[in-house]
Amino acid sequence: MTTTQVGIVGAGPAGMLVATLLRRAGVDCVVVEQRDRAYVEQRSRGGTVEHRVVDLLRRHDLAGGLLSTGQVENKIEFRMGGRRYPLRYDPIAQGRSHYIYPQQFLVRDLVEAYLADGGDLRFETPPA
C-alpha cells in the first residue's frame, strides 16, 4: 500500500511549484487536475513573475525557460484619467526587476520538472 503525504489540487503555477519543491525535499505528494495536460499548459492568465519568485526558481534550478526567453521589465506605467504615470523600479527596488513570462510557459516548465523528478501528476481527475 502506498501512502501519499500531501495532496495538491490544481496544476497551476502555485500547485506545481509547491509540488516540485516538496518532491525535491523528499515529501511524497500527488497533484490532481480536472483538465487535460494540453489545456493546463496552454491556459493563458498572468505573465509577470516577481523578482522573489525568480530568485526562488533560480535557487531550485527551475528558471531555465524564464531566464532564456522571459523579458526583464524594470518599469511600470499607471494610467488614470487619460494620463500616463511611468515609474521605474531602479530607484526604489535596488536593481531588482520582474520578468514578463507567460504563465502557461511557467506551468509547462514546472510540469516537466515535476514529472522528470518522478512526480505523480494526474490530469483529467474529476472532482470528488
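Of the numbered conditions (1) more than 16 Å from the chain's Cα centre (by Cα); (2) in contact (Cβ under 8 Å) with a residue 40 or more places away in the chain; (3) surrounded by 14 or more Cβ atoms within 10 Å (Cβ to Cβ), THR4 fails exactly one; give the number of that condition.
That leaves (3) as the condition not met.
Output yes when any residue across the stretch 78-95 is part of a helix (DSSP H, G or I) and under 27 Å from ARG23 (Cα atoms), and no when none is.
no
Among residues belonging to the stretch 69-128 that are without any contact (Cβ under 8 Å) to a residue 12 or more places away in the chain and assigned by TED's automatic domain parsing to the domain that holds CYS29, point out the one that is surrounded by the most Cβ atoms within 10 Å (Cβ to Cβ).
GLU112
Is one or more of the residues making up the stretch 51-73 in contact with a helix residue (DSSP H, G or I) (Cβ under 8 Å, 6 or more places away or on another chain), at pLDDT below 95 and assigned to a strand (DSSP E or B)?
The answer is no, given that none of the residues of the stretch 51-73 is in contact with a helix residue (DSSP H, G or I) (Cβ under 8 Å, 6 or more places away or on another chain), at pLDDT below 95 and assigned to a strand (DSSP E or B).
Can you tell me which of ARG35, ARG23 is within 22 Å of ILE8 (Cβ to Cβ), in the same structural domain as GLY7 (by TED's automatic domain parsing), part of a helix (DSSP H, G or I) and touching a residue at least 24 places away in the same chain (Cβ under 8 Å)? Don't jump to the end; show me each part of the working.
Values: ARG35 fails: part of a helix (DSSP H, G or I).
When all the criteria are applied, what remains is ARG23.
Got a number for residues in the stretch 31-50 being surrounded by fewer than 17 Cβ atoms within 10 Å (Cβ to Cβ) and farther than 13 Å from LEU106 by Cα?
6
The values are calculated or read from the model by the stated rules, or taken from the named source; none is laboratory data. These figures come from a predicted structure and were not determined experimentally. For neighbour counting, all protein chains shown are included, and Cβ atoms are generated from backbone atoms with ideal geometry for every residue, glycine included.
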